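Participant: If you scroll down you'll find the structure; I have some questions about it.
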Amino acid sequence: MAKIIGFIGLGIMGKPMARNLLKGGYALTVYNRSQPVMEELKRDGATLGSSPKDVAARSEVVITMLPNSPDVEAVVLGADGVLEGAKAGTILVDMSTISPLVSQQIYGEAKKKGVKALDAPVSGGEKGAIEGILSIMAGGDQEVFEAVVPIFRAMGKTITYMGPAGAGGFTKLANQVIVAINLTAIGEALTLGAKAGLDLERLIQALSGGMAGSRCLEMKGPQMIKGNFQPGFKTDLHYKDLGLIMEAARALQVPLPTTSIVQELFSALRVKGRGGLDHSAVITLLEELAGVHAHTQS
Ligand code: NAD
C-alpha cells in the first residue's frame, strides 16, 4: 500500500487535507506557490518539495488541490511539472474542481508516461476538510481508485467511484449546481423573512426541521444572518465552477435555466468587489434588491 504522498496546493482545502494525511501516518512532501503555508506544514512533519517535479520524484501518489484547470495543467503538464518527475506506476490524484474535459486530457497525457490519473474532487467545505469527512467523487480506472481508497479515508467519509476519467468532475459540477441554487434560495428566503420582521434564528430552526432543511442551510444559514462572509468557499471559485457547469451543459445539450440566473448573480457579486467573500454572500445582493441593508458590503 502506498505510504509516500506528495501534496501540491495548500490553500483553504489543501492545508487541512494534507494535515489529515500526516495524522494518518503518511510520509508527505508538500509544495505550494506561496511559502508561509509550507513552513506551517513543515512544523507538522511534512518534507518541503522545491517544485511539482521534485514532489513527484519523491512520491508514490501525488495529490493536487489547485484553483482551476490552467493551474492543474501548469502543475502537471508544464515545465518542472508532475509528469516530468513521476516514475512509471505513480498515481496522480487531482482533487481540485476543474473542467472534466481537462481531466480526461490529463488522464491521457499521464498514461503515455505510465502514470495513472484519477479526478477526485471533493465536497464538504473547509469544515469537512478539517474534520476529515469530505465526500470524494472519483473518476478513472477502478483498480487505481481501489488502490488509493485508504488514502481517501484519511480525508473523507463518503467515497464514491463514479466511472471513467472525468466522471468525478462531472459529479462535482452536479454538486455545485445544487449548492449555488440552494444558497441563492436560502438568501431569498432569509431576505423575505427579514422584511416580514421574523426572528431569523428561529426561521432557520423551523426551516431546518422540514422539507426546506439542507446541509447548506445548516452550515451557512447562521453565518448569513450574522453577515459573516469570511470564506469558506470563495465566490470567485464558485463563479469559476458555474462557468465549468455551463460549458459542460452546452457540450451535453442540457439547458440549465436556473443555474444561468444564479451565474449572473455571482457575476454581479464579483462586479461589486465581493469575489473574495464566501459564496453565501449572494444574500447581500438579494438584500439590496429588497432594500434590506443589514449585510451590505462595500
Ligand atoms: P485556495 O485558493 O484557498 O487554494 C489554492 C492553493 O493553490 C493556494 O494555496 C495557492 O497558493 C496554490 N496554488 C495556486 N497555483 C499554484 C501553483 N501553480 N503551484 C503551486 N500552488 C499553487 O482554494 P481552495 O478553496 O483550497 O480550493 C481548491 C480547489 O478545491 C478549487 O478547485 C475549489 O473549487 C475546490 N473546492 C473548494 C472548496 C472550499 O470550500 N473551499 C470545497 C470543495 C472544493
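Participant: First compute the accessible area of the range 5-164 with a 1.4 Å probe, then give the percent of it belonging to carbon and sulfur atoms.
Facilitator: 52
Participant: Given Cα positions, please report Rg to Rh for the chain, the hydrodynamic radius being the Kirkwood one.
Facilitator: 1.00
Participant: Considering the Cα trace of the range 128-277, what is its radius of gyration and what is Dmax, both in angstroms?
Facilitator: Both quantities, over Cα of the range 128-277: 17.5, 56 Å.
Participant: Another question, then. To the nearest 20 Debye, how big is the dipole of the chain about its Cα centre, given +1 on the beta carbon of each Lys and Arg and -1 on that of each Asp and Glu?
Facilitator: It works out to roughly 380 debye.
Participant: Can I ask one more? Would you work out the charge dipole size for the range 5-164 about its Cα centre, treating the Cβ of every Lys and Arg as +1 and the Cβ of every Asp and Glu as -1, and quote it to the nearest 20 debye?
Facilitator: 280
Participant: Send over the Kirkwood Rh of the range 5-164, from the inverse of the averaged 1/r over different Cα pairs, rounded to one decimal Å.
Facilitator: After inverting the mean inverse Cα-Cα distance, the result is 15.1 Å.
Participant: A further question on this structure: The range 1-16 to the range 242-286: how many Å between their Cα centroids?
Facilitator: A separation of 29 Å, based on Cα centres.
Participant: Something else about it: Taking a ≥ b ≥ c as the square roots of the eigenvalues of the Cα gyration tensor of the range 123-203, is the shape rounded (a/c under 1.5), prolate (a/b larger than b/c) or oblate?
Facilitator: oblate
Participant: Which FRET efficiency value, to the nearest 0.05, do you get for ILE12 and GLU264 by plugging their Cβ-Cβ distance into 1/(1 + (r/R0)^6) with R0 = 35 Å?
Facilitator: Computed FRET efficiency for ILE12 and GLU264 comes out at 0.90.
Participant: Oh, and also: Be a star and scan the range 4-28 for residues whose amide nitrogen sits under 20 Å from the point 7 Å along the Cα-to-Cβ vector of LYS87.
Facilitator: Within reach of a label on LYS87, which here means backbone N under 20 Å from a point 7 Å along Cα→Cβ, the range 4-28 contributes 4-8, 26-28.
Participant: Assuming a ≥ b ≥ c are the square roots of the Cα gyration tensor eigenvalues, decide whether the range 10-57 counts as rounded (a/c under 1.5), prolate (otherwise, with a/b larger than b/c) or oblate.
Facilitator: It is oblate, given that a/c is not under 1.5 and a/b is not larger than b/c.
Participant: 5 Å is the cut-off here: which amide hydrogens, built 1.01 Å from N in the peptide plane, fall below it relative to ALA27, excluding neighbours closer than 5 in sequence?
Facilitator: For ALA27, the qualifying residues are ILE5.
Participant: In nm, to one decimal, how far is the ALA249 label point from the GLN142 one, both placed 7 Å along Cα→Cβ?
Facilitator: Output for this residue pair reads 3.2 nm.
Participant: When the helices in the chain are scored as -39500 (n - 2.57) per DSSP H run of 4 or longer and the sum is shared across all residues, what 222 nm value do you end up with, to the nearest 500 deg cm²/dmol?
Facilitator: About -16500 deg cm²/dmol.
Participant: A further question on this structure: Which residue, GLY163, SER51, ALA290, has the largest displacement toward the positive end of the dipole of the chain when charges sit on each Cβ (Lys, Arg +1; Asp, Glu -1)?
Facilitator: So the residue furthest toward the plus end is SER51.
Participant: Here is a further query. Please give the length that would be gained between LEU289 and LEU101 if that part of the chain were fully extended, namely 0.36 nm times their separation in residues minus their C-alpha to C-alpha distance (nm, one decimal).
Facilitator: Answer, rounded to one decimal: 64.0 nm.
Participant: Let me make sure I get this right: for the range 211-253, a, b and c are the square roots of the gyration tensor eigenvalues over alpha carbons, sorted descending. Under 1.5 in a/c it's rounded, otherwise prolate if a/b > b/c, else oblate. Which is it?
Facilitator: oblate
Participant: Give the cross-link partners of LYS172 among the aspartates and glutamates, using a straight C-alpha distance below 15 Å as the criterion and excluding same-chain residues fewer than 8 apart.
Facilitator: Within the straight-line cut-off, LYS172 pairs with ASP94, ASP119, ASP241, GLU247.
Participant: Count of lysine pairs in the range 5-164 with Cα atoms under 14 Å apart, counting only pairs 8 or more residues apart in sequence or on different chains?
Facilitator: Within the range 5-164, the lysine pair count is 11.
The values are calculated or read from the model by the stated rules, or taken from the named source; none is laboratory data. Remember, predicted model here, so these are calculated numbers, not experimental data. Here Cβ is always computed from backbone atoms with ideal geometry, including for glycine, and neighbour counts include all displayed protein chains. We work out accessible area using only protein heavy atoms, side chains counted, and drop any ligands, DNA or RNA first. Shrake-Rupley method; radii C 1.70, N 1.55, O 1.52, S 1.80 Å.
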